[in-house]
1. Within the range A:133-174, which residues are among the charged types (D, E, K, R) and closer than 22 Å to residue A:217 by Cα?
2. Would you confirm, using the coordinates I've provided, whether residue A:380 is part of a loop (DSSP other than H, G, I, E, B), within 14 Å of another protein chain (Cβ to nearest Cβ) and either loosely packed, with under 12 Cβ neighbours inside 10 Å or touching a residue at least 40 places away in the same chain (Cβ under 8 Å) (or both)?
3. Only one of A:405, A:413 is at the interface with another protein chain (Cβ under 7 Å from one of its Cβ atoms), over 22 Å from the mean Cα position of the chain (by Cα) and hydrophobic (A, V, I, L, M, F, W, C); which?
4. Determine if the range B:41-60 includes at least one residue that is assigned to a strand (DSSP E or B), of a type in the set (Asp, Glu), more than 7 Å from chain A (Cβ to nearest Cβ) and touching a residue at least 40 places away in the same chain (Cβ under 8 Å).
5. State all residues of the range B:421-452 that are part of a loop (DSSP other than H, G, I, E, B) and either of a type in the set (Val, Ile, Thr) or in contact with a His (Cβ under 9 Å, 6 or more places away or on another chain) (or both); if no residue qualifies, say none.
6. Please enumerate the residues belonging to the range B:17-39 that are within 8 Å of another protein chain (Cβ to nearest Cβ) and either basic (Lys, Arg) or in contact (Cβ under 8 Å) with a residue 12 or more places away in the chain (or both).
Amino acid sequence: MELSSEDNNLTEKFLPPIEQESDVELETKVKKYLRGEGANLETLKDKKLKTQLASREKLYGKSAKTAAKIEKWLLPAEAGYLETDGLEKTWRVKQTDIANEVDLLSSRNQYDIVLPDFGPYKLDFTASGRHMIAGGRKGHLALVDMMSMNLIKEIQVKETVRDVAFLHNEQFFAAAQKKYAYIYGRDGTELHCLKERGPVARLRFLKNHFLLASVNKSGQLHYQDVTYGGMVASIRTGKGRTDVMEVNPYNGVVALGHSGGTVTMWKPTSQAPLVQMQCHPGPVSSVAFHPNGHLMATSGKERKLKIWDLRKFEEIQTIHGFHAKTLSFSQKGLLAAGTGSFVQILGDSSGSSSSHNYSRYMNHSMVKGYQIEKLMFRPYEDVIGIGHSMGWSSILIPGSGEPNFDSWVANPFETSKQRREKEVHLLLDKLPPETIMLDPSKIGAMKPSRRKEKPSRGEIEAEKEVAIEAAKSTELKKKTKGRNKPSKRTKKKKEMVENAKRTFPEQGHNNTASKKRRIGEDAAAELPASLKRFARKN
Amino acid sequence: MKIKTLSRSVDEYTRERSQDLQRVFHNFDPSLRPMEKAVEYKRALTAAKLEKIFARPFVGAMDGHRDGVSCMAKNPNYLKGIFSASMDGDIRLWDISSRRTVCQFPGHQGAVRGLTVSTDGNVLVSCGTDCTVRLWKVPRPTLEDSSVSSENFIEPAAEYVWKNAFWAVDHQFEGELFATAGAQLEIWNHNRASPVQSFQWGTDSVISVRFNPGEPDILATSASDRSITIYDLRMSSAARRIIMMTKTNSIAWNPMEPMNLTAANEDGSCYSFDGRKMDEAKCVHKDHVSAVMDIDFSPTGREFVTGSYDRSVRIFPYNGGHSREIYHTKRMQRVFCVKYSCDATYVLSGSDDTNLRLWKAKASEQLGVILPREQKKHEYNEAVKNRYKHLPEVKRIVRHRHLPKPIYKALGIIRTVNDSKRRKEDRRRAHSAPGTIVTKPLRQRRIIKEVE
């Protein structure tokens, strides 16, 4: 008995180096699952609360460790990779070389579908990557099952189609057509015509909130809840026409890129933008968000690609040389940029999460004359879908997709029963639009103890404009029996506008109040000593 | 050059035969789940709403007594049965599952004030205002009992007459002695016709008595001179004694922490004490607006139920100042006795309107056999609701209880009275020299002194 305990002590002291390294690896994984720092319990004086919180922190540590161990040992698949030896560079590897090296199933994912008649194609994938909708500018809509390469339904709407987007699953998709946006079912029947929005330039769906966001030709942003059809918000951005709109998957915030080079971020519950960033000297061509929510890539017409850190709103990196018409981030953080008929994939060469350094990873040039319209990485696969002027293609990018999916989040092998159940669960977990905020982890956290903060001047102005517009656009009842004189009507309308303005007090009042106070203080200094106790004390 | 791309074969990820279960794959990476806190908040809101939808605590009423129910006793060996006694001397044994009387124990001439069962479940002891203590032999429950519709009448096994009316009785755990409360505290043995031991202090009568579940020789009593006394039978005198501002109607020991006891007081609060150190209450449980008549602990020791003169039954956590739950009905009048069932699932209340009522301890609990998946979902809902119960929307739903109008108004009046007292106290302190005005905490304020 004693000998074995001595042996145990020895093994504890002299761990082999591989095991020590894996401990470090496990530590980083545990940090990921802990989701932030633990609370500082030393400052608590209440002993009962302290012990309760300490036991809870212990439980969090245990669960994070178990999750890290599961990630290390129990996940079924491993990520793809492309490693070159010695002098060969990764961006010189062509798709044909890749096709020679990989298995048959993967090489089926490389193809070009040529449809020259129907114009540049836009694509969208479902969350599980199984279905794709392709919309050609001249009116061709095609719903494809990517795993079996089966065309489920194709329709010709005989109008220009500017954008397509899936709703929560492959049963519904939305198409932005010439005058209005339409929602179609899986079998091609037109379900809804969304007239309120006007001619839509871009459509995006916020999955957790069931909101269909769109920006139309006059620069108005609309949010509509597709479960009951109500328009949650329609915001006049005031920045003119734009067709660059992307959704940040981390927090549900919509970013618009404008022709002045600014990128503005919006949430449905406020009329003023959350953030305005001056990104480029010229118009912004495209915006893309990293799935972790910290990185944003923007490209401008001055042939620069900039990578921004969204926590500090600072520029991390600029890449010169080409004008990227379309950008897309993959699940693993690879950035795809498309210009003309050339696709460039950039990868993060530094492994750490704090500093990023994007450099060339792979290239692909298509047949000259194919103008790339949209790039989108397919979820959970090492594939990127390219929509271009002659149809759509798909090429292999090793290391871009997440290898292990979670059946409860997105299941590419879903049966119809599972899909129906998932739809019900998604609806039960539908988030109210008020939960869209820049930092979604603030929900449930302690509010910083401040006095109620006044909304900023810009916000107040925006709200005022909306209220005045609403007052102006109300229709007055048409009175009869000689009471409907035009002079009275105009007077009534003016009165309504004045009432709307009155709820927003003048901004200039603050200055006068502070001036008065200063006068009072000066006067107090001039008073004789015997009267000083009557001076107004503040 | 090494290249590998993801390729999933359909066989690995789908089931082989249609009789197999579907395959489920997990990846707990937080980056796959954006906005997880918002989703959890939404689930907490839904869980709180569902809990309110399924909250149906009232199970049934047991009708049969002809006068108000004065006391109840539970048999720890037999979950289904409960004894109850009324103000006209009627003692019954009920079968809770069918809510019917199994047998009656007639004999008392006046009100029955105390009922208790011996630990082995064979002997029922009752005492009343007719100065008698009666011992009854409890019939063994057999399978035929549930089918028998006629009620049996049992003769008392023994009947002891004494000098004064009795107010309460309690049986020793794992012993042969039982104690009665009357003009004095008397200790009896089953076989003797007169008390074995007798304690007296002053001239006031003893109102309630309770033996400690952990230490069989220790018992706590409360007297009409507003005192709580702890006696040790081996010592022949009182061990501890405190005098409070108002009298204590009932006492209960915590079965999981036998040194702690909780006293149900006339001023509407319950005071939890550590039996070893009685000069300060450990916790004050305040929510009743009128006198608390009876108190009983759950066998888990984590909650206790109280019945009050204000026609409501409340369930308190053992260490919390406010009630977790309130039960009330228009038909339920003054509640005189409450019991927590021995499986911690039900609460019984006996009230002035001659009915015994059966309530669920957790109002939205699903009774019966639950599938493991259902159980997991219930646990998840409970956990996510507890995590977000401080957020205003969720708190509003979780806290909401409909109160009967008299209780609601009385609570409002109590709040204004307390606020004004506190404001006056604050002003006095602000306008006097610092340190002259010292407020005692509520845990000490209601205790006048500790004697001996």
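The values are calculated or read from the model by the stated rules, or taken from the named source; none is laboratory data. Every value quoted in this text rests on a predicted model; they were computed, and no experiment measured them. Don't worry about glycine lacking a Cβ; one is built from the backbone with ideal geometry, like all the others, and counts go over all protein chains shown.
1. Looking only at the range A:133-174, we keep the residues that are among the charged types (D, E, K, R), and these are A:137-138, A:145, A:153-154, A:158-159, A:162-163, A:170.
Within the range A:133-174, A:137, A:138, A:158, A:159, A:162, A:163 qualify.
2. Details: part of a loop (DSSP other than H, G, I, E, B): yes; within 14 Å of another protein chain (Cβ to nearest Cβ): yes; either loosely packed, with under 12 Cβ neighbours inside 10 Å or touching a residue at least 40 places away in the same chain (Cβ under 8 Å) (or both): yes.
Judged against the criteria, residue A:380 is a match.
3. Working: A:405 fails: over 22 Å from the mean Cα position of the chain (by Cα).
On inspection, the qualifying residue turns out to be A:413.
4. First pass over the range B:41-60, keeping only residues assigned to a strand (DSSP E or B): B:58-60.
Keeping just the survivors that are of a type in the set (Asp, Glu) gives none.
No.
5. At the first step, the residues of the range B:421-452 found to be part of a loop (DSSP other than H, G, I, E, B) are B:431-441, B:446, B:452.
Matches in the range B:421-452: B:436, B:437, B:438, B:439.
6. Let us first name the residues in the range B:17-39 that are within 8 Å of another protein chain (Cβ to nearest Cβ), namely B:22-35, B:37-39.
Selection gives B:23, B:25, B:33, B:37.
To keep it simple, each residue is scored yes or no on (1) over 21 Å from residue A:333 (Cβ atoms); (2) of a type in the set (D, E, K, R); (3) within 27 Å of the chain's Cα centre (by Cα).
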| position | (1), (2), (3) |
| --- | --- |
| A:31 | no, yes, yes |
| A:46 | yes, yes, no |
| A:58 | yes, yes, no |
| A:62 | yes, yes, no |
| A:70 | yes, no, no |
| A:73 | yes, no, no |
| A:76 | yes, no, no |
| A:84 | no, no, no |
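Per-residue answers, yes or no, for (1) surrounded by fewer than 18 Cβ atoms within 10 Å (Cβ to Cβ); (2) in a loop (DSSP other than H, G, I, E, B); (3) among the hydroxyl-bearing types (Ser, Thr, Tyr):
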residue: A:197; (1), (2), (3): no, yes, no
residue: A:201; (1), (2), (3): no, no, no
residue: A:209; (1), (2), (3): no, yes, no
residue: A:213; (1), (2), (3): no, no, no
residue: A:228; (1), (2), (3): yes, yes, yes
residue: A:235; (1), (2), (3): no, no, no
residue: A:241; (1), (2), (3): yes, yes, no
residue: A:246; (1), (2), (3): no, no, no
residue: A:277; (1), (2), (3): no, no, no
